[in-house]
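A short worksheet on the structure shown next.
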Amino acid sequence: MTPLSLKRITRDLKNYTFVINENNIVNVQYKNYQVSFFLNEDYPFKPPFLYLDNKLLNYKYNYFPQRIFKLYIDNGHECPCCTNISCHGRWSPVFNVLNIVDEYNLIKTNMVRSYKKHITSFIKNLPDDVLGIIKEYI
Ligand SMILES: [Zn+2]
């Protein structure tokens, strides 16, 4: 890391408890996530790869259940793997590492919303006796 990347990350995380270890791995608790990433010397000019609770954050189709991913796109959202703020041409130094987590949360919320919308529309069309059976299970 460089003095600039260190200075910048210190400012970005100033309201949170964080540690940077000798390998330049930053650990910060943010919105119920244990966020970890390697602080490289390009930060904030390039986004870091984030681990949320030790799982690499990515938007590839297999990261989310495929059905939910498809419903999300069908509901008019842009493909998150091609249009997230870490994508080439989208990232800018005005963003910080926490914006990546915020965006992830927003995408996740909208995916759940799309899924619920689908389930609700599906349930409405069922006959009452079938609905009764379903309600016994929920
Ligand atoms: Zn895509």
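The values are calculated or read from the model by the stated rules, or taken from the named source; none is laboratory data. From a predicted model like this one, the values you see are computed outputs, not experimental measurements. Cβ atoms come from the backbone with ideal geometry, glycine included; neighbour counts cover every protein chain shown.
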* Taking Cys81 as meeting all but one of (1) surrounded by 12 or more Cβ atoms within 10 Å (Cβ to Cβ); (2) out of contact with any Pro (no Cβ under 9 Å at 6 or more places or on another chain); (3) without any contact (Cβ under 8 Å) to a residue 40 or more places away in the chain; (4) not in a helix (DSSP H, G or I), write down the number of the exception. => (4)
* Could you tell me whether segment 51-62 includes any residue that is at pLDDT 95 or above, of a type in the set (Asp, Glu) and part of a helix (DSSP H, G or I)? => no
* To do: Hey, can you tell me all the residues within segment 69-89 that are within 13 Å of the ligand (Cβ to nearest atom) and touching an Asp or Glu at 6+ places or on another chain (Cβ under 8 Å)?
  => Asn84
* Can you confirm whether segment 90-99 contains a residue that is exposed (fewer than 14 other Cβ atoms within 10 Å of the Cβ), within 15 Å of the ligand (Cβ to nearest atom) and closer than 30 Å to Leu6 by Cβ? => yes
* To do: Collect the residues in segment 27-52 that are touching a Pro at 6+ places or on another chain (Cβ under 8 Å) and buried (at least 16 other Cβ atoms within 10 Å of the Cβ), keeping them in residue-number order.
  => Phe37, Leu39, Pro44
